[in-house]
Structures are given as structure tokens and as C-alpha cells.
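The values are calculated or read from the model by the stated rules, or taken from the named source; none is laboratory data. These numbers come from a predicted model, not from an experiment. Positions of Cβ are generated from backbone atoms using ideal geometry, with glycine treated the same way; all protein chains shown enter the neighbour counts.
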């Protein structure tokens with residue numbers, strides 16, 4: 001039996017909180033029995049629970065944190081294990097600038113580049129094995145994916161379901177074509193239900209994403225227990241951040257939108273509770289590519305996700321850099337609440353998916369979005385659609401590498417491609433939160449149109465696989481885009497990690513610069529000793545701001561961390577797409 005603390009006041013608080021979540025998720029079940037099963041599952045023999053849960057705070061991250069997002073095989077050479085190559089790349093090129101890595105699903109799979117998992121307990125042998133994961137986890141804060149909404153149609157779980165084998169015969173969500181499913185919100189245009197033959201007859205299973213990705217049924221507590229075992233496996237293998245993939249769709253109810261249901265939030269709260277009592281440091285990140293209010297809801301009351309993606313950031317930065325105005329970016333930033341105590345934003349411009357357009361709803365007008373879409377298509381990018389309840393379609397995401405997306409503005413191409421891209425990534429470094437960078441942004445990867453043609457999927461445009469010898473050759477050439485971008489970004493990240501004012505929870509205010517071409521952000525360290533005025537010119541114009549536009553404290557020396565320039569009481573000049581980090585403390 002698992003050893004648990006005696007019934008101290010804090011352990012009673014834990015027990016009551018766990019029972020409370022169970023009662024709201026599974027009101028018809030015995031809460032005490034299920035609570036005991038959950039505890040024994042999450043803390044099996046040989047592990048133990050903290051006597052006190054971690055109180056909300058900001059000690060799980062700091063200004064030292066920056067994350068690289070990558071597939072396990074984004075770098076290959078045909079001879080070595082891709083995870084070995086990734087380990088070498090991390091240690092050789094980014095270790096002094098990046099201390100965390102998100103390896104996208106590294107399990108055996110059948111489709112969706114890893115998100116149709118066949119075996120949650122194995123590492124894809126084409127990538128490596130658990131010791132390779134362990135080695136990376138020993139040197140970097142490792143994030144892994146918990147693909148908890150669905151599994152592969154060809155995996156052991158679904159095969160057992162079709163054969164009527166317990167407990168898997170009740171693992172998947174079934175519905176009827178006669179049900180009213182008109183309200184269901186989903187990011188795909190394929191039919192929601194798939195007809196399958198089972199030993200118990202014809203069934204129609206729920207497929208939020210594709211017919212190779214069958215949704216599991218969390219109404220069955222055995223499903224919850226199985227995923228808790230998988231989380232424990234990740235933790236035992238050194239994972240420090242668990243990404244809850246597609247979590248918004250987790251709980252379904254016929255006749256409802258089947259997104260963000262209260263049971264979903266209760267399950268996230270339960271997992272957070274377990275993580276807060278884990279002896280190992282565990283951070284929960286929710287992946288909810290939805291409009292602002294819905295996304296923010298996953299912070300809960302500092303009792304759901306520790307970290308959420310700042311999903312409006314990619315389309316807003318994209319628009320700002322293309323339009324040459326930070327107007328919408330500034331308006332949105334002014335209205336963004338600081339993250340609650342114990343919570344943080346994950347800031348990014350690019351990921352393995354496209355640039356989501358749903359988070360731009362209400363932030364960019366239809367005309368602004370149309371102009372962005374038109375420009376992305378001009379540079380060879382693609383647009384993926386989603387189904388609407390009325391039977392229509394709407395843009396769901398833009399498919400392009402962010403580097404290529406920065407090659408043009410609404411006015412066409414110019415000589416500022418590289419400067420524009422570096423400005424976009426520096427904004428990510430400046431804002432409240434933890435910065436994250438997709439490997440293809442760090443490597444200035446162009447659109448992979450050949451990959452789209454070969455693989456028949458839009459997202460392949462942003463999932464290039466670099467040949468490592470060819471990549472190393474480019475990185476050794478100082479004139480290549482790859483070398484220029486990697487050098488510039490890592491240098492800025494090294495500067496950033498030394499600044500207390502860039503702690504993910506340091507104070508942030510949007511600066512009124514009087515010029516829509518400039519995004520100004522004021523950051524102040526938690527101890528109030530350091531201020532940084534982060535200025536970003538998102539236009540191809542030279543912009544001159546009076547120093548009086550910034551509240552520079554008198555009798556202190558102010559310096560631009562990026563250029564080394566001293567800042568006096570005169571004007572502050574920003575060249576096209578130039579960024580300045582003006583500080584009183586360096």
C-alpha cells in the first residue's frame with residue numbers, strides 16, 4: 001500500500017479537495033473509494049506525497065527560463081538516433097540560452113505527426129528510447145505531451161474496444177447519428193462520428209480531430225486512472241512540465257458545444273491538486289487554442305493550469321509586423337490581466353501547428369484578418385479551415401513558418417526581412433511570461449512546400465526535417481539566415497536571462513509612446529530594483545521618440561541592453577524594426 005501522511009490538517013485539506021472534485025465529476029460514484037484509487041495510482045509503492053501542497057507562488061520559473069519546441073526528429077542524418085542528434089544540437093548550439101525543451105509526442109503513432117498515439121508507455125523506436133529522453137531531461141527542463149483527448153484507431157486500446165475486451169470496451173465515447181450534434185465546436189471539417197464494427201455490434205465513435213483519432217470517454221473513471229498512470233510514468237522519467245493537449249474537448253455531452261464543460265475544468269483542477277502534492281516539481285500547461293476569455297479560464301482561481309499559451313500573440317504580432325502598426329497589439333496588451341499568483345503565460349509566435357486565427361476573434365477585424373491571409377498566401381503559405389455549426393467554414397489557422405511570414409508586409413517584400421523577424425521574436429522575450437521558440441523559428445526555416453505535396457497536409461509546411469550535416473554547414477556560414485538568426489536570438493536570450501525585470505511574473509505595463517508604430521512595455525523586477533522599457537518598432541520607418549515618453553527615473557543611468565547605448569534626456573531613435581531594452585540596472 002502507498003504510504004500517505006497522517007491526517008494532519010493539510011492532509012485533510014487534500015482529501016476534502018480531492019473528494020470535492022470527484023463529487024462534481026462523478027456524482028454517482030463513491031468518492032472515498034475513487035479517491036483511494038486515485039491516490040494509489042498517482043503515488044504507487046515507492047513514491048510519496050508531500051505533507052503540504054505547494055502554495056501558489058512564482059518559484060517554479062524565473063527569467064532564466066526559455067523553451068525550445070521541437071519534434072524528436074526535427075533533425076535527422078539517416079545514421080544516428082534523432083534524439084541523440086537533438087541532444088547534440090541542444091548542447092552545441094542553444095544550451096547557454098535555452099534551458100527547457102518541449103519534445104512533441106515521442107510515442108509510437110499512426111498519424112498527425114505523433115498526436116494519434118498507439119502506445120503511451122513506449123518511446124517511438126524510430127526516435128530512440130527512454131534513456132535518450134532521460135538524458136535530455138537531466139540537462140533541460142523537459143515538457144512532454146499528454147494526448148488525453150484521443151488515441152489512435154490502430155492502437156491497442158481501440159483494438160481491444162472493438163473486440164469487446166474489458167475495460168477498454170467502455171473507454172471510447174459513443175453517440176448516434178440521430179443525436180443533435182449541431183452545437184459541437186471543433187477545429188476540423190471532417191464528420192464528427194465514425195461508424196465502426198465491434199463484437200457488440202455497429203457503433204458510432206466520436207472523433208473531434210480525425211477518424212484516426214478516437215476520443216476517449218472520461219465519464220468512465222477507469223480512463224482517468226489510466227491517464228494518471230501515464231502522468232506518473234512521465235514524471236518518473238524526468239518530465240517537469242505536462243502539456244494537456246486538446247484538453248478543452250475532454251468532456252462531451254450530446255446536445256452541448258462539448259468544449260470547456262465544467263467537468264473538464266474539474267479534471268484539470270484535480271490533476272493540478274495531485275501535481276501540487278507531488279514531491280517532484282510538476283508544471284501543468286493547458287493547450288487551448290481558443291479566444292481570450294476561454295483561454296484565460298484555464299488558470300481557474302490559481303488552481304488549474306500553472307501555465308497557459310498566450311494564443312492571441314501569434315496572429316497579433318503577425319498583423320503588427322505586416323501592417324507596420326502595433327495598434328491592435330497594444331490595445332490587446334492593455335486589456336490583458338497579469339497572470340494570477342502561481343500562474344504564468346507561455347509566449348510564442350510559432351509552434352508545430354499553424355498560426356491560430358480563432359484567438360484573433362474580436363481582436364482583429366474581418367478586414368484585418370483578410371489582409372493577413374492574403375499576404376500569407378502571397379508568400380506561399382496556406383490556410384486551414386474549420387467547420388461552423390451552420391454548415392459553413394471559417395479560417396482556423398494559417399500554415400507557414402514564421403520566418404517566411406516575415407518576408408513581406410501588406411506593401412510587399414522589402415530589405416527588412418531579417419530585422420522584421422528578429423523584432424517579432426524579441427517581443428516574445430519582452431512580455432510577461434515564459435518565452436518559447438519553435439525550432440524552425442530559431443533556425444529561420446523556410447516553408448517546406450515539398451513536404452506539403454509529399455505528405456498531403458498543410459501543417460507539413462512548418463514541420464521540415466533538417467539534415468544535420470547540412471544544417472551544421474549552414475550554421476557554420478555566418479552569412480546564412482540560419483546562422484544569423486540563431487546567433488541573434490541566442491545572444492538576446494543570454495542578455496534576457498540576466499535581467500530580474502524579465503521574471504515571468506515581474507510587473508508589466510503598456511507604455512503610451514504616442515506612436516502606433518512602437519510597442520512599448522515597462523517591466524519592473526519583483527524587488528522593484530530594476531526597470532526595463534522594452535521598445536519595439538514594428539514598422540519600416542525610422543521612429544524618433546522623446547525620452548520624456550518614458551518615465552525614466554531621474555538621477556539614474558539608463559542603458560540600452562541590446563545596443564549598449566547610453567540613454568540621455570534627448571530623443572530615442574528606433575531604426576526600422578529596431579528593439580531597445582532600456583534599463584537602469586545591468
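Of the listed requirements (1) at pLDDT 95 or above; (2) over 24 Å from residue 62 (Cβ atoms), residue 554 misses just one: (1). Of all residues in region 161-181, those that are outside any loop (DSSP other than H, G, I, E, B) have Cβ atoms under 8 Å from Cβ atoms of residues that are modelled with pLDDT under 95, 6 or more apart or on another chain, in 169/200. Restricting attention to region 522-541, the residues that are under 13 Å from residue 423 (Cβ atoms) and in contact with a helix residue (DSSP H, G or I) (Cβ under 6 Å, 6 or more places away or on another chain) add up to 3. Could you list all residues from region 53-87 that are out of contact with any strand residue (DSSP E or B) (no Cβ under 7 Å at 6 or more places or on another chain), under 18 Å from residue 143 (Cα atoms) and in contact (Cβ under 8 Å) with a residue 40 or more places away in the chain? Residues satisfying the conditions are 62, 63, 64, 71, 73, 83, 84, 87. Only one residue in 293, 246, 305 is within 22 Å of the chain's Cα centre (by Cα) and under 22 Å from residue 181 (Cβ atoms). Which one? Criteria check complete, one pass: 246.
Rundown of residues vs (1) more than 19 Å from the chain's Cα centre (by Cα); (2) closer than 21 Å to residue 441 by Cα, yes/no style:
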{"residue": "64", "(1), (2)": "no, yes"}
{"residue": "69", "(1), (2)": "no, yes"}
{"residue": "74", "(1), (2)": "no, yes"}
{"residue": "83", "(1), (2)": "yes, yes"}
{"residue": "107", "(1), (2)": "no, no"}
{"residue": "120", "(1), (2)": "yes, no"}
{"residue": "125", "(1), (2)": "yes, no"}
{"residue": "131", "(1), (2)": "yes, no"}
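Residue check: residue 444 meets all listed conditions (1) within 18 Å of residue 94 (Cβ to Cβ); (2) surrounded by fewer than 23 Cβ atoms within 10 Å (Cβ to Cβ) but one, namely (2).
With respect to being within 30 Å of residue 465 (Cα to Cα) and loosely packed, with under 15 Cβ neighbours inside 10 Å, residue 48 falls outside the description.
Among the residues of this structure, residue 351 counts as one that is part of a loop (DSSP other than H, G, I, E, B), closer than 21 Å to residue 438 by Cα, out of contact with any helix residue (DSSP H, G or I) (no Cβ under 6 Å at 6 or more places or on another chain) and in contact (Cβ under 8 Å) with a residue 40 or more places away in the chain.
Tallying residues that are outside any loop (DSSP other than H, G, I, E, B) and more than 25 Å from the chain's Cα centre (by Cα) within region 378-392 yields 1.
Looking at 435, 395, can you tell me which residue is outside any loop (DSSP other than H, G, I, E, B), at pLDDT 95 or above, closer than 30 Å to residue 307 by Cα and in contact with a strand residue (DSSP E or B) (Cβ under 7 Å, 6 or more places away or on another chain)? Before you say what the answer is, go through the steps one by one.
On the way: 395 fails: at pLDDT 95 or above.
Only one candidate passes the filter, namely 435.
Taken as a whole, the condition of being part of a strand (DSSP E or B) and buried (at least 24 other Cβ atoms within 10 Å of the Cβ) does not apply to residue 329.
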